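Novice: Take a look at this one; I'll ask things after.
The values are calculated or read from the model by the stated rules, or taken from the named source; none is laboratory data. Bear in mind the structure is a predicted one, so any value in this text is a computation, not a measurement. A quick note on method: Cβ atoms are made from the backbone with ideal geometry, for glycine too, and the neighbour counts reach across all protein chains shown. Heavy atoms of the whole protein, side chains included, go into the accessibility calculation; ligands, DNA and RNA do not. Shrake-Rupley method; radii C 1.70, N 1.55, O 1.52, S 1.80 Å.
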Amino acid sequence: MTMHWRRAFTAGGISAILLLAGCGAPEGPGAAQVPAGEVPDRPSQPVTLNILDVAGNLQLTQGMIDDFVAKNPDIVSRVTTEKAAAPEMAGKIKAQQDAGRLGIDLVLTGTDGLSAGTEQGLFTPLLPQFADRLKGMENYQEPAAAMQELAVDHGVVITYYPSGPLIEYAPDRVPNPPKTAQELLAYAQANPGKVGYARPANSGPGRTFLMGLPYILGDSNPKDPVNGWEKTWAYLAELDKTVTSYPSGTADTMKNLANGTYDIIVSTTGWDINPRALGTVPAEYRVGTLEGFTWVTDAHYAAIPKGVSADKQAALLALIEFMLTPEQQAKAYDTGYFYPGPAVEGVTLDMAPPESQQVIRQFGRPEYDALIANNPKATPLATKDIVAAFDRWDREIGGGNQ
């Protein structure tokens with residue numbers, strides 16, 4: 001199997017996104033928004049669609065797109081795909097729009113890229129004007145609907161997962177895993193260098209751990225890392241005293257757990273299942289949660305840049321609606337890397353492709369269903385707040401240990 005790791009975004013990259021966002025909306029001829037009333041129900045002839053993925057989303061949705069093309073040759077003749085880092089996306093689209101030569105029809109993105117594109121006015125508002133063509137959105141799971149609210153109507157949630165934070169550990173070395181944040185700290189103090197996590201700006205699990213700790217520790221405002229995380233910053237400073245170094249990415253923490261460098265790492269549902277399925281981490285390793293745990297959720301979005309032709313918009317709206325059908329959403333189970341993956345209600349594992357079912361049944365966790373159902377969920381920090389959190393972590397926590 002091919003290794004598929006989620007692309008992390010750096011603090012510098014997000015800062016660059018925000019700097020670009022201050023430049024104003026694009027004025028070039030290619031940035032003109034097609035009035036909703038001019039978008040036909042179907043394109044006048046089959047179109048070619050060019051898709052940019054800045055979130056690793058094609059790992060989950062390529063099969064959905066291929067199926068749509070196969071079933072709708074009168075709508076789409078061909079699809080091309082391109083991958084890029086999220087911080088590159090806004091500048092790339094804006095340059096094309098300003099030049100009047102837009103070559104990207106659809107962006108698959110996480111919250112970082114969506115925020116950047118929305119701030120700059122790069123994306124076509126899809127709601128409420130196209131609500132009647134996106135009926136699948138009415139079937140969102142509640143937390144996916146909450147993630148949709150972050151889109152400010154400029155993108156559509158197409159995949160969702162509760163994420164974490166979880167702890168992952170080697171049961172042969174940790175027979176009595178920590179159940180609270182204080183027990184985790186005590187283990188780290190008794191076993192220096194054996195509890196690890198990657199720099200949050202470069203790591204999904206590291207970022208989720210950072211955003212999840214304020215809930216676990218009972219901080220005054222989990223959404224305000226500047227004024228509301230007194231307990232979190234104090235805790236991380238104490239934990240830092242036990243840390244030898246912070247890996248630059250999540251993959252290194254997984255390898256360190258497997259080779260015995262670490263006994264315990266922070267993780268998410270996808271980072272738990274997928275590396276064990278790929279053989280990076282032993283299958284028998286376990287996960288747990290800490291008392292006071294709240295899921296910090298995540299999602300991927302489909303967004304249409306301004307300047308896309310009316311015919312292509314018609315095809316894209318049909319594609320997105322197709323992707324939100326339960327049959328197609330079941331493909332988001334994939335090999336567990338965004339587990340569960342589906343954004344809409346009523347999509348069960350037995351609806352997924354056989355290969356996905358096999359991976360999830362072998363490497364998934366029976367306890368995940370109850371953990372997902374019975375614990376609260378919170379959306380991630382707004383972009384400006386996560387930048388502030390990353391900057392402070394880099395200065396006060398990780399500065400001497402990276």
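Novice: Could you tell me which residue of region 332-374 is most open to solvent (accessible area, probe 1.4 Å), considering only residues that are within 24 Å of GLY110 (Cα to Cα) and among the polar types (S, T, N, Q)?
Specialist: Across region 332-374, the extreme among qualifying residues is THR348.
Novice: Another question, then. Given (1) in the same structural domain as PRO73 (by the TED database); (2) free of Cβ contacts under 8 Å to residues at least 40 places away in the same chain; (3) not acidic (Asp, Glu), where does PRO275 come up short, assuming only one miss?
Specialist: (1)
Novice: All but one of (1) in a helix (DSSP H, G or I); (2) touching a residue at least 24 places away in the same chain (Cβ under 8 Å); (3) open to solvent by 20 Å² or more (accessible area, probe 1.4 Å) hold for GLY212; which doesn't?
Specialist: Only one criterion in (1) in a helix (DSSP H, G or I); (2) touching a residue at least 24 places away in the same chain (Cβ under 8 Å); (3) open to solvent by 20 Å² or more (accessible area, probe 1.4 Å) is unmet by GLY212, namely (3).
Novice: Going residue by residue through region 33-47, is there one that turns out to be in a strand (DSSP E or B), modelled with pLDDT of 95 or more and among the hydroxyl-bearing types (Ser, Thr, Tyr)?
Specialist: no
Novice: Where residues in region 84-109 are closer than 26 Å to ALA146 by Cα and open to solvent by 10 Å² or more (accessible area, probe 1.4 Å), which of them is modelled with the lowest pLDDT?
Specialist: Only one residue fits best here, namely PRO87.
Novice: Pairs, please: C-beta under 7 Å, at least 6 apart or cross-chain, first residue within 29 Å of ALA145 (Cα to Cα) and in region 380-394, second of a type in the set (Gly, Ala, Ser) and surrounded by fewer than 21 Cβ atoms within 10 Å (Cβ to Cβ)?
Specialist: Listed pairs, sorted by first residue: VAL387/ALA11; VAL387/SER15; PHE390/ALA11.
Novice: Further question on the same structure: Looking at region 225-262, which of its residues are under 22 Å from ASN191 (Cα atoms), in contact with a Ser or Thr (Cβ under 8 Å, 6 or more places away or on another chain) and free of Cβ contacts under 8 Å to residues at least 60 places away in the same chain?
Specialist: PRO247, THR253, MET254, LYS255, ALA258 - these are the residues of region 225-262 that are under 22 Å from ASN191 (Cα atoms), in contact with a Ser or Thr (Cβ under 8 Å, 6 or more places away or on another chain) and free of Cβ contacts under 8 Å to residues at least 60 places away in the same chain.
Novice: On to the next question. Collect the residues in region 259-271 that are out of contact with any helix residue (DSSP H, G or I) (no Cβ under 6 Å at 6 or more places or on another chain) and either over 22 Å from VAL54 (Cα atoms) or in a loop (DSSP other than H, G, I, E, B) (or both), keeping them in residue-number order.
Specialist: ASN259, GLY260, THR261, ASP263, ILE264
Novice: Look through ASN176, ASN191 and report the one residue that is under 17 Å from GLU291 (Cα atoms), among the polar types (S, T, N, Q), open to solvent by 10 Å² or more (accessible area, probe 1.4 Å) and not assigned by the TED database to the domain that holds TYR333.
Specialist: ASN176
Novice: Pairs, please: C-beta under 6 Å, at least 6 apart or cross-chain, first residue closer than 14 Å to GLY341 by Cα and in region 354-366, second in a helix (DSSP H, G or I) and modelled with pLDDT under 95?
Specialist: none
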